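Beneath this line is the structure, given in structure tokens, with notes to follow.
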Ligand SMILES: Cc1cc2nc3c(=O)[nH]c(=O)nc-3n(C[C@H](O)[C@H](O)[C@H](O)COP(=O)(O)OP(=O)(O)OC[C@H]3O[C@@H](n4cnc5c(N)ncnc54)[C@H](O)[C@@H]3O)c2cc1C
């Protein structure tokens, strides 16, 4: 599948961009699941001004979607129409600790690197990032969190570029954070953020980070092709317990499987398509609804188009499962 060329159509190679434009870039190369069709156009800006210039010139009816390290994405096999923006380490990978203890971080910085910098600076409140494999852009959007802590506790303000190409500052309150959710439009792109923690002994922080890493290693399939927690925890419930009680641990459709190790994680066992993964997720939702009456919500972001002739309805009947859960 390939999309028409947006660069030629809109003269994007003639506006003085310093970043990189790639037509029909396969997104399976950048998602953790290793599935997903092409982006019609992938733009990797050189810096915030370059991104703003691009967005000012791009006609408003062309959709724009930022992606980060791809650790929370299920990109459909038909790909993404419009522009996908991915920030690279060169323009957006800086971390600096300011004299007053504030930590300024580019949106392409991996969460783990922020945890490291905070530990070195003796700033507590960031150890939970040591276990999250995404980048700061995704963390800002998703209010990423773990072990009882979330991004909203340490984020002070951020810089963003709106769809119309305006560079704006947003405060923590502007983000209206909730559990794994913020309220800014999906085509607003975060480029940098300022964080602040509380002073704490470096050795104690490093001990906590080591605990976080050990917990991940023992409890999550972190070396698999996965997207992290598939479903949000409903109020008062753990998603994994509901999935387990519905008999879905180890449930497999095509190359997609609910992890035996942590049954709220979906895994691409090798040759899964995005269709296999989404079918599996919707089948699990149907089974959980049947057994507990609870409608699980996806935490993983599903993006893009189904290939022609394919459509996956929500809450698919359990008969779609080709291989039953072991035992
Ligand atoms: C093994 C594993 C364990 C995980 N554990 C956790 C966990 O404990 N806690 C947790 O919260 N998450 C967890 N995740 C999910 C994921 O790592 C987080 O949601 C992370 O914050 C996503 O960051 P990313 O850079 O990969 O974003 P992506 O997955 O690329 O994108 C996620 C969302 O963020 C948006 N986005 C990305 N970059 C930007 C930007 N610069 N500006 C605006 N929007 C942007 C995208 O449009 C998309 O909506 C886990 C994932 C895996 C694979």
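The values are calculated or read from the model by the stated rules, or taken from the named source; none is laboratory data. Computed from a predicted model, the values in this text were never measured in an experiment. Positions of Cβ are generated from backbone atoms using ideal geometry, with glycine treated the same way; all protein chains shown enter the neighbour counts.
Check residue 135 against each of (1) at pLDDT 95 or above; (2) more than 10 Å from the ligand (Cβ to nearest atom) and name the one condition it does not meet.
Exception for residue 135: condition (2).
Condition check: within 15 Å of residue 190 (Cα to Cα), assigned to a strand (DSSP E or B) and at pLDDT 95 or above. Does residue 141 satisfy that? Write out each step before concluding.
Values: within 15 Å of residue 190 (Cα to Cα): yes; assigned to a strand (DSSP E or B): no; at pLDDT 95 or above: yes.
No, not satisfied.
Go through the residues of segment 190-201 one by one and say whether even a single one is crowded, with 16+ Cβ neighbours inside 10 Å, without any contact (Cβ under 8 Å) to a residue 24 or more places away in the chain, touching a helix residue (DSSP H, G or I) at 6+ places or on another chain (Cβ under 6 Å) and under 20 Å from residue 132 (Cβ atoms).
Checked segment 190-201: no residue is crowded, with 16+ Cβ neighbours inside 10 Å, without any contact (Cβ under 8 Å) to a residue 24 or more places away in the chain, touching a helix residue (DSSP H, G or I) at 6+ places or on another chain (Cβ under 6 Å) and under 20 Å from residue 132 (Cβ atoms).
Starting from segment 132-143, keep only residues that are assigned by TED's automatic domain parsing to the domain that holds residue 180 and closer than 24 Å to residue 210 by Cα, then list their pairs with residues that are near the ligand (Cβ under 6 Å from one of its atoms) and part of a helix (DSSP H, G or I) whose Cβ atoms are within a distance under 9 Å, requiring at least 6 positions of separation or different chains.
132/138; 132/139; 134/142
Exactly one condition in (1) touching a helix residue (DSSP H, G or I) at 6+ places or on another chain (Cβ under 9 Å); (2) surrounded by fewer than 18 Cβ atoms within 10 Å (Cβ to Cβ); (3) within 23 Å of residue 26 (Cβ to Cβ) is false for residue 295; which is it?
Failed condition: (3).
Taking segment 180-189, which residues are surrounded by 13 or more Cβ atoms within 10 Å (Cβ to Cβ) and part of a loop (DSSP other than H, G, I, E, B)?
Applying the first criterion (surrounded by 13 or more Cβ atoms within 10 Å (Cβ to Cβ)) to segment 180-189 yields 180-182, 184, 186-189.
Passing the criteria: 180, 182, 184, 186, 187, 188.
Does segment 81-94 contain at least one residue that is free of Cβ contacts under 8 Å to residues at least 40 places away in the same chain, surrounded by 23 or more Cβ atoms within 10 Å (Cβ to Cβ) and either under 21 Å from the mean Cα position of the chain (by Cα) or within 30 Å of residue 10 (Cβ to Cβ) (or both)?
The answer is no, given that none of the residues of segment 81-94 is free of Cβ contacts under 8 Å to residues at least 40 places away in the same chain, surrounded by 23 or more Cβ atoms within 10 Å (Cβ to Cβ) and either under 21 Å from the mean Cα position of the chain (by Cα) or within 30 Å of residue 10 (Cβ to Cβ) (or both).
Go through (1) more than 7 Å from the ligand (Cβ to nearest atom); (2) at pLDDT 95 or above; (3) farther than 13 Å from residue 190 by Cα; (4) touching a helix residue (DSSP H, G or I) at 6+ places or on another chain (Cβ under 7 Å) for residue 147 and report which single condition fails.
Here residue 147 meets the rest and fails (2).
For residues that are without any contact (Cβ under 8 Å) to a residue 60 or more places away in the chain and surrounded by fewer than 21 Cβ atoms within 10 Å (Cβ to Cβ), scanning just segment 99-109, find the one that is nearest to residue 197 (Cα to Cα). Don't jump to the end; show me each part of the working.
Applying the first criterion (without any contact (Cβ under 8 Å) to a residue 60 or more places away in the chain) to segment 99-109 yields 99-100, 108-109.
Those left that are additionally surrounded by fewer than 21 Cβ atoms within 10 Å (Cβ to Cβ): 99-100.
Numbers: 99: 14, 100: 11 Å.
Looking at residues that are without any contact (Cβ under 8 Å) to a residue 60 or more places away in the chain and surrounded by fewer than 21 Cβ atoms within 10 Å (Cβ to Cβ), I get 100.
Return the residues of segment 168-177 that are more than 19 Å from the chain's Cα centre (by Cα), away from the ligand (no atom under 13 Å from the Cβ) and surrounded by fewer than 14 Cβ atoms within 10 Å (Cβ to Cβ); say none if nothing qualifies.
169, 171, 173
Kindly establish whether residue 317 is touching a helix residue (DSSP H, G or I) at 6+ places or on another chain (Cβ under 9 Å), within 27 Å of residue 78 (Cα to Cα) and in contact (Cβ under 8 Å) with a residue 60 or more places away in the chain.
The answer is no for residue 317.
Looking at (1) surrounded by fewer than 24 Cβ atoms within 10 Å (Cβ to Cβ); (2) within 23 Å of residue 208 (Cα to Cα); (3) within 11 Å of the ligand (Cβ to nearest atom); (4) touching a residue at least 40 places away in the same chain (Cβ under 8 Å), can you tell me which one residue 159 breaks?
It fails just one condition, (2).
Failed condition for residue 113, given (1) near the ligand (Cβ under 10 Å from one of its atoms); (2) not in a loop (DSSP other than H, G, I, E, B), with all others met?
Only one criterion in (1) near the ligand (Cβ under 10 Å from one of its atoms); (2) not in a loop (DSSP other than H, G, I, E, B) is unmet by residue 113, namely (1).
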